[in-house]
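One structure is given below, encoded as structure tokens.
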Amino acid sequence: MGGAAPTRTQRVDTVPAEDYRGTFAPWLPSPVPGDPLPPGWEGLYFPFATGMDGLRPDGTPLGDAPPGIDLPRRMYAGEDTVFHRPIRFGDTVEQRVRQGRVTEKRGRSGRLVFADLEREYLVDGELAVRSTWHDVFLEQDAPPPPVRRADPAGDRFHRLTPDSRHLFRFSAITFNTHRVHYDRDWAQRVEGLEDLLVHGPLTRLLMLDAVMAGGGPGRTPARCSFTATAPLFVDREITVGVTDGEDTARAVAVADDGRLAAEATVHW
């Protein structure tokens, strides 16, 4: 990409949403043209579009990384989203992407590069959603982040044990070829992970869905902030706890061993 990408246009049909709903949110009604797209589900559209010659060895695209980054590992670190107006099934949406802030640091994990990717979704030329995706690039042998323990506190709880079928389907919907999600040998031998990794963007969607299932029906969030703090792995239960407030809802995702894996705050 080198800092910018061509504008892409796509009609928001119901197929990707129904594929996701049937796999991860079967309690929701099937999508109908004219209905609003659930918050965060814009990420199911505009799937990664990179030829094989444009992929890094780990399967992630070269084109949306800042030029000159020589670190071999790439992880999703979080996302900040502002919802300006609903996107509806049947809308034709224009997506604009540009490179955001790039910051290099050194810490206990060695050399790190944090890189933002800014995405805008427009309907009829009017901004509907602006989302800033945060990636971190790491050295080959970077140690895992410090373990933070947390009780899955909340007013409401949602639980899911994602297996390899769940991971395959999310990769297929988003055309995500990052090998940590389907190549166990790569994940364990090359990346040093315990097992296949649950997608960070999937965790974000599960948390947003959990928030919307209680305090959010009929409401549109003003913004959402999501931070990934630890990896989640295949075949292990994830507990999402939601705490509802008048102006905000807070959600945590906790692994089956008590590790705090992600935090999200939704502002109404």
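Here are the numbers:
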{"quantity": "Added length on full extension, which subtracts the Cα-Cα distance from 0.36 nm per residue, Arg101 to Arg165", "calculated": "19.6 nm"}
{"quantity": "Qualifying trypsin sites (Lys or Arg not before Pro) for the range 85-164 [loop in DSSP, other Cβ within 10 Å: at most 16]", "calculated": "Arg108, Arg148"}
{"quantity": "Among (1) 1.47; (2) 1.05; (3) 0.97, the entry that matches Cα Rg over 2.2 N^0.38 Å as calculated here", "calculated": "(3)"}
{"quantity": "Long-range amide H partners of Arg88 with built H, under 5 Å", "calculated": "Leu37"}
{"quantity": "Of Val15, Val252, Val234, the one that fluctuates the most in a GNM where the chain has Cα springs shorter than 10 Å", "calculated": "Val15"}
{"quantity": "Max mean-square fluctuation residue, GNM over the chain, Cα-Cα springs under 10 Å, options Ala172, Ala253, Ala115", "calculated": "Ala172"}
{"quantity": "Spacing of the two label points (7 Å from each Cα toward its C-beta) at Arg11 and Asp256, in nm", "calculated": "4.3"}
{"quantity": "Coil-residue trypsin sites (Lys or Arg not before Pro) of the range 191-268, DSSP, other Cβ within 10 Å capped at 16", "calculated": "Arg219, Arg236"}
{"quantity": "Percent breakdown of C-alpha pair distances by 5 Å bin, ordered from the shortest bin, for the range 56-154", "calculated": "2, 11, 18, 17, 15, 13, 11, 9, 4, 0"}
{"quantity": "Extension gain from Ser109 to Ala222, taking 0.36 nm per residue of separation minus the Cα-Cα distance", "calculated": "37.2 nm"}
{"quantity": "Where GluC sites (Glu not before Pro) in DSSP loops with at most 16 other Cβ within 10 Å are excluded, longest remaining stretch of the chain", "calculated": "1-138"}
{"quantity": "Using a Förster distance of 41 Å, the FRET efficiency for Ser30-Asp53 (Cβ separation, nearest 0.05)", "calculated": "0.60"}
{"quantity": "Local electrostatic count, Ile87, Cβ distance below 13 Å [Lys/Arg +1, Asp/Glu -1]", "calculated": "-3"}
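Bear in mind that the values in this text are calculations on the coordinates, not laboratory data. Being a predicted model, the structure only gives us computed values, none of them experimental. Because the Cβ atoms are built from the backbone with ideal geometry, glycine has one as well, and the counts that use them run over all protein chains shown.
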